[in-house]
1. Find out how many positive minus negative residues lie around A:GLY156, taking Lys and Arg as positive, Asp and Glu as negative, among other residues whose Cβ is under 13 Å from that of A:GLY156.
2. Angle, helix A:266-294 long axis vs. longest principal axis of chain A, Cα atoms, 0 to 90°, nearest 10?
3. Would you please give the FRET efficiency between B:GLN60 and B:LEU106, computed as 1/(1 + (r/R0)^6) with r the Cβ-Cβ distance and R0 = 30 Å, to the nearest 0.05?
4. Please list 3J(HN,Hα) in residue order for segment A:101-106, calculated via the Karplus relation 6.51 cos²θ - 1.76 cosθ + 1.60 where θ = phi - 60°; whole Hz, with x for glycine and proline.
5. Scan chain A and hand back the longest stretch that contains none of the trypsin sites (Lys or Arg not before Pro) lying in DSSP loops with at most 15 other Cβ atoms within 10 Å.
6. Counting only protein heavy atoms, probe 1.4 Å: which residues of segment B:250-268 lose 40 Å² or more of accessible surface in the full assembly compared with their chain by itself?
7. At 1.4 Å probe size, with no ligands or nucleic acids counted, give the accessible surface of B:ILE168 in Å², nearest ten.
8. Which of the chymotrypsin sites (Phe, Trp or Tyr not before Pro) across segment B:115-214 are loop residues per DSSP, with 12 or fewer other Cβ within 10 Å?
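The values are calculated or read from the model by the stated rules, or taken from the named source; none is laboratory data. Please read all numbers here as calculations on a predicted model, not as lab measurements. Positions of Cβ are generated from backbone atoms using ideal geometry, with glycine treated the same way; all protein chains shown enter the neighbour counts. Protein only, heavy atoms only, side chains kept; ligands, DNA and RNA dropped before computing areas. Shrake-Rupley method; radii C 1.70, N 1.55, O 1.52, S 1.80 Å.
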Amino acid sequence: MSKTEITVQTDRFESTRELLESVKRVLIGLLSNKKGLAGLTLVGTMVFISFAAPLIAPYDPEALGIGPRLEPPTGEHLMGTDDLGRDVFSMFLYGGRISLTVGIAAGIVATVVATLIGVPAGYYRGRTGRWLTTAIDMSLVFPPFVLVIVFAAYIGSTVFNIIVILALLSWPIPARTIKAKAISVRENEFVESTRALGATDFTIMKDEVLPNVLPVVFANGVLQVVFTILMEAAVSFLGLGDPTRISWGTMLYFAQTEGALSLGAWWWMIFPGLGIVVTAFGFTLLGTALDEVLNPRLQRRTWGWD
Amino acid sequence: MATTESKSEFLVRRLGHFTVAFCALLVINFAIPRVMPGDPTTQFVGPGFTEEARQQMLEQFGLNEPMWEQFLLYLINTLTGDFGLSFSRYPTPVFELMMERLPRTLFLMGASVSLSVAIGVPLGAFGAWKFGQRQDVLITQGSLFFRSIPTFWLAILMLFVFGYLIPIFPLGGVSAAGTEYTGLLDYLADLIYHSVLPIVTLSAYFVAGYTFLMRASLLDILPENYITIAQTKGLSDREVLFRHAVPPAVLPVITQLGFQIGRLVGGAILVEAVFSYPGMGQLMFEAVLARDFPLIQGTFFLLTLTVLTAMLIADLLYAFLDPRVGGS
């Protein structure tokens, strides 16, 4: 009894060290990849300034009449002011928190769901595999954004609801990629031999298939965040975001409904949009680089088909 | 990858997919207003309805009847195009509102797909041909960047630059108020003039997608033996590329056409909202803002059905064009 416990302990220690080793390897790979370096820099900067918002923001983002109304960018108001005299730069910093939180959280949940469905869909050959594959194919058919709008309109949009809706509607695309990878893993000899030793399907999936699928999962997860960040912005822009929280999307919604363009207040629309573009592009570069580092032979297939 | 099934087997399988998806759509559309929190009748009967109209809606949708009866009534109503009355434009039927708008959205989407394929496919082919060189890197990075721009924000930028700063295009809509047309050509010219910015905006995102697909697809084909043989036979680069490599590489791009349509519809909603383009997307947007539930459901159903149909057409096109489906 005690003997097995000891083995388990060393195993854990070993695998923790191995994990640290591989994290280090991936990081080095990313830093020596031009796209990876650029992506890390962009994402890192946006995450830092958003979460350090209370330290950086010169004004309270919700305080009205901080400056004159609709003032173009000046030294005092780096990104100008809106129609209520709020400081756009402060709103930009705080808005980034919500956009990033929603995008990253929804991206992670979507990737977890995609893995939980994609791995068994690829691993099981019989009826289970076929049913799960049909479920993925059917979900792929529905236009995600149209569904997001319908759900947001019916359920109501708190930040939490938006995260859940985005996650539950964006998993099918990564699930398809993960399924394809799981199929190629299950054909390997070590899977057969583990089965021959009497391992259950669950154990094989957990110990043999999942570790080999993880590189694909990670790369797709990062790219998934791009998708959820853009979706959050779009939902909020349509006025379906959480009205009590500022995000880049809700900033653009207010700018649009108050007629920023006809007022010539370009700064009110340009900066929140740039925030979205820089963040999304940063995650795109990071995801592509991660794919190149983790799946060297797969890279041309990132945008592929079945 | 060689397919072993015959052309008719492929078509039957795809028709089966379409049917299952259509049934799923019917069920989802039935379930949404009934499982959501709150009194379901408030999702069919608007606050401005007369008592008579209220009774008529309760009757027509069987809201006081058991579920299975409601579902039967729902099936009959939906399949005969009866989606109830709009709340915000009471008492106009939802179906009537949608039929006025659908052609414009189909035009917008059709033009955008054509434009993005026309630009993306040659661009991707060029990138693959110059694989790893400066032009390829530029095309790849440029596409990645374009896919990171929110469609609605690009629409705002376009409107700002070409509507306000350099006012060469209209600020929105499909026709100036009170325009009288002398003929069909006149009407079409005005429609196209009003649609240029929305079409270009909607295409920008999808050009990048088709560029990637075409590039990846051609990169799969270029190392094949027959390409090398064609080259050693002394054919020029251009002949090898356009006669032997591009046609088979276009096929996988077609299969992706269907999947792209789903995102295209999402893009259309946003672009129409920014340009006040009176299509299905703007109708859905207005419906959501007004919490006009019958209209939300109707637009959801019809937009999804459009996507399903487009996917089926893409499949048929693929089966028709690919010699390997049902070939020797």
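1. Charge balance in the 13 Å sphere: 0.
2. Helix A:266-294 sits roughly 20 degrees off the main axis of chain A.
3. Working: r = 29 Å, r/R0 = 0.95.
The pair B:GLN60/B:LEU106 has a calculated efficiency of 0.55.
4. 4, 4, x, 5, 4, 5
5. Details: sites that count: A:ARG69, A:ARG125.
In chain A, the maximal stretch lacking such sites is A:126-306.
6. Listed by number, the residues meeting the 40 Å² cut-off are B:GLN256, B:PHE259, B:ARG263.
7. For B:ILE168, solvent-accessible area is about 90 Å².
8. Details: sites: B:PHE126, B:TRP129, B:PHE131, B:PHE145, B:PHE146, B:PHE152, B:TRP153, B:PHE160, B:PHE162, B:TYR164, B:TYR181, B:TYR187, B:TYR193, B:TYR205, B:PHE206, B:TYR210, B:PHE212; in loops: B:PHE131, B:TYR181.
In loop regions of segment B:115-214 (DSSP not H, G, I, E or B), there are no sparsely surrounded chymotrypsin sites (Phe, Trp or Tyr not before Pro).
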